[in-house]
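Asks: Encoded as structure tokens, here's the structure I'll be asking about.
The values are calculated or read from the model by the stated rules, or taken from the named source; none is laboratory data. Every value quoted in this text rests on a predicted model; they were computed, and no experiment measured them. Cβ placement follows ideal geometry from the backbone for every residue including glycine, while neighbour counts extend to all protein chains displayed.
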């Protein structure tokens, strides 16, 4: 989903609501891989304020849903994968309440057999716990799985889990040079490139 710019707005509105200064995207992104409630705790170092900020973040995110859309080509990729018999899951650093909100638009969660969120886990990405958990729930071995991600920690988690890593470069925030270092099997600039690669 094309949601990162909206997410940054929601983070900063929530931070301002609890009296904190707005943060630059890089200040927030360095904690990605873990859920927003934990990120607010890192930023604020105050449990009560972090809880208040997280609730505000969810509330503002709800009001921003009309600004969130799938990236071009994603729906087609998902359709092609499901039609081919592929099984789909999500492993995300988002909190389950955050993901439920995001996927409530167009019932997007219906596409996925399992959805593993940060609050289900003891370790966040780049630790592979979430990827292993998803594979186990689907009765798959890690080497049978392809993990697609748009961040370095996604590539690191896939490699650590023993899965095939695919770098999604179509988001404006994706850093191709950084992800190349992790040697993904594919650097995909569009979702369609993944489907074409899988058909080879």
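Asks: Condition test on residue 53, is it modelled with pLDDT of 95 or more and within 17 Å of the chain's Cα centre (by Cα)?
Replies: When the stated conditions are applied, residue 53 does not pass them.
Asks: Give the residue, chosen from 93, 33, 7, 85, that is at positive phi and either in a helix (DSSP H, G or I) or at pLDDT 95 or above (or both).
Replies: Checking each option against the conditions leaves just 85.
Asks: To continue, here is another question. When the residues of region 13-28 are filtered to those that are touching a helix residue (DSSP H, G or I) at 6+ places or on another chain (Cβ under 8 Å) and assigned to a helix (DSSP H, G or I), which remaining residue is nearest to residue 38 (Cα to Cα)?
Replies: 28
Asks: Considering only region 106-196, give the helices (runs of 4 or more DSSP H) lying wholly within it that have at least 2 residues that are crowded, with 21+ Cβ neighbours inside 10 Å and at pLDDT 95 or above.
Replies: Of the helices (runs of 4 or more DSSP H) lying wholly inside region 106-196, those with at least 2 residues that are crowded, with 21+ Cβ neighbours inside 10 Å and at pLDDT 95 or above span 129-137, 152-161.
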